[in-house]
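Below is one structure; the comments refer to it alone.
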Ligand SMILES: Nc1ncnc2c1ncn2[C@@H]1O[C@H](COP(=O)(O)OP(=O)(O)OP(=O)(O)O)[C@@H](O)[C@H]1O
Ligand SMILES: [Mg+2]
């Protein structure tokens, strides 16, 4: 296998990795916010269930969670899991990252001085207006560094999809390396992750800079 | 007929006249406790249109709590709060406190503004946006019209050139003046101040007090919690001395400062002179 064919074979895996990465973010970033609202729910059972969910997501390996999401329907309900691999991966990643993002959002929201809420209330803002216009913009600025860390971790965590033999870049690298007895696929995969994270860091840095107009 | 004579008598005496202005705020029998701690014990406070009332008293006497109850940041545990004949909060015979419904509450909330010790400007909004957002979003007023008024307010605060700055680039005194402009932009009937200069250096304090004095001359109705005794003596029509959750003494500033009738007032004022 030439370097060229190796690269094109792996390029397909790179696209799958990127797809998994992007869809996980698209799902988990907003879902994390929903999780915070559930956690802060005044209806206690909802708050408790949310706490349990977060504890499980953070307390068990993501790889194990992926296996449970994928094989669970078959072992628990005898359902066919053909064609279910990618949805299972997405559910697993989104549910896991939503829990982490929720904790980041919560710490950001809790760090807001109460005076901001009170000033908004005196001016007659509704709860929703207060959150959307006063609290959230400031929270986003505060949590951006933590979110960046999490996103960079996600780039690397996509390799866990290999546990379900999903043909993303890491799985392919392992396969090709074994069949071709070559070290090169690992180098290609390594460069890919590195470049991907470089791009992520650059984008996040731009966003952070765009919010530096106030302290 | 007798009413007529009363009115005529009042017009002869200017201080009497100011006392007959419309009642903007009437708080009666206000009780508030945090856990077992009784912070307000049966407070009565009436503020009339055009009046400037100063509230003084030692730390922990309940001054902030009283303002926070008046502005609904805290819920009272007993008593009655009335803004311009609208009952915001009442207490039943069994001692249960009722606040009026959402719609009326929204209306009542437009009667007052509050200036905080820590300014509490919105740091992510420019100075102009800090002032304009609430009139536009809450009162749904025309943006262009609001902007004109906001710029006029900034001019009045001596901050015309700061419209596009962000709060973090302003001094404390400038931030507090923006906060006052933000409150005034809502055109409140009464403006509350909770130690508006306590977070400021002396030279910055002066510029904020100057603005408040100017508002007093324009007959803005104000309730000011302050530790600036000479300012309170100068600017207010009435001074209230609070201690331990009760109003110990209340009256004309000349009387309260010059010739206090209560021993506790004397001692408190003495501690300030030292
Ligand atoms: N949210 C709260 N929970 C419990 N106790 C409180 C709370 N807010 C105020 N207190 C207590 O109520 C009492 C009165 O407080 P308040 O802030 O009204 O005093 P103050 O007269 O404004 O004092 P200062 O001059 O220091 O501002 C204090 O003993 C204070 O510790
Ligand atoms: Mg106070």
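None of the figures in this text is laboratory data; all of them are computed from the coordinates on show. Because the structure is a prediction, the values reported are computed rather than measured. Please note: Cβ atoms are built from the backbone with ideal geometry, for glycine as well, and neighbour counts cover all protein chains shown.
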Is there a residue being in a loop (DSSP other than H, G, I, E, B), within 16 Å of ligand 2 (Cβ to nearest atom) and surrounded by 17 or more Cβ atoms within 10 Å (Cβ to Cβ) anywhere in the range B:75-85? no
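The rows are residues; the columns are (1) part of a helix (DSSP H, G or I); (2) crowded, with 16+ Cβ neighbours inside 10 Å; (3) in contact with a strand residue (DSSP E or B) (Cβ under 8 Å, 6 or more places away or on another chain); (4) within 13 Å of another protein chain (Cβ to nearest Cβ).
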residue	(1), (2), (3), (4)
A:100	yes, yes, no, no
A:109	yes, yes, no, no
A:116	yes, yes, no, yes
A:125	no, yes, no, yes
A:143	yes, yes, no, no
Please work out which residue is farthest from the other protein chains (Cβ to nearest Cβ), limiting yourself to the range B:60-80 and to residues that are over 19 Å from residue A:119 (Cα atoms) and more than 15 Å from the chain's Cα centre (by Cα). B:78
Could you check the range B:182-201 and list, in sequence order, the residues that are within 23 Å of residue B:59 (Cα to Cα), touching a strand residue (DSSP E or B) at 6+ places or on another chain (Cβ under 9 Å) and more than 16 Å from ligand 2 (Cβ to nearest atom)? B:191
Out of all the residues in the range B:127-154, which are assigned to a loop (DSSP other than H, G, I, E, B) and more than 9 Å from chain A (Cβ to nearest Cβ)? B:140, B:141, B:142
From the set of residues in the range B:36-60 that are over 17 Å from residue B:265 (Cβ atoms) and in a loop (DSSP other than H, G, I, E, B), which is nearest to ligand 1 (Cβ to nearest atom)? B:36
Going by the conditions given, is residue B:72 more than 16 Å from ligand 2 (Cβ to nearest atom) and under 30 Å from residue B:137 (Cα atoms)? yes
In this structure, does residue A:75 turn out to be over 17 Å from the mean Cα position of the chain (by Cα), in a helix (DSSP H, G or I) and without any contact (Cβ under 8 Å) to a residue 40 or more places away in the chain? yes
For a quick check of your reading of the model, give me the residue pairs whose first member lies in the range B:182-197 and is farther than 20 Å from residue B:172 by Cβ, whose second is within 16 Å of ligand 2 (Cβ to nearest atom), with beta-carbon atoms closer than 8 Å and at least 6 apart or on different chains. B:190/B:223
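For a quick check of your reading: which strands (runs of 3 or more DSSP E) sit entirely within the range B:171-274 and have at least 3 residues that are under 14 Å from the mean Cα position of the chain (by Cα)?
Result: B:190-194, B:221-225, B:238-243.
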Could you give every pair whose Cβ atoms fall below 7 Å, whose first residue belongs to the range A:186-215 and is within 14 Å of chain B (Cβ to nearest Cβ), and whose second residue is surrounded by fewer than 16 Cβ atoms within 10 Å (Cβ to Cβ), counting only separations of at least 6 or pairs across chains? A:214/B:168; A:215/B:168
Report whether or not residue B:204 is over 25 Å from residue B:61 (Cβ atoms) and either crowded, with 19+ Cβ neighbours inside 10 Å or away from ligand 2 (no atom under 16 Å from the Cβ) (or both). yes
Out of the residues in the range B:114-135 meeting the condition of being more than 22 Å from residue B:212 (Cα to Cα) and touching a helix residue (DSSP H, G or I) at 6+ places or on another chain (Cβ under 6 Å), tell me which one is farthest from ligand 1 (Cβ to nearest atom). B:124
Here's a check for you: in the range B:164-178, which residue that is away from ligand 2 (no atom under 16 Å from the Cβ) and surrounded by 19 or more Cβ atoms within 10 Å (Cβ to Cβ) is farthest from residue B:219 (Cα to Cα)? B:166
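Restricting to the range B:59-72, name every residue that is over 13 Å from residue B:27 (Cβ atoms) and in contact (Cβ under 8 Å) with a residue 40 or more places away in the chain.
Those that are over 13 Å from residue B:27 (Cβ atoms) and in contact (Cβ under 8 Å) with a residue 40 or more places away in the chain: B:61, B:63, B:64.
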Can you tell me which residues in the range B:209-232 are buried (at least 19 other Cβ atoms within 10 Å of the Cβ) and within 16 Å of ligand 2 (Cβ to nearest atom)? B:223, B:224, B:225, B:226, B:228, B:232
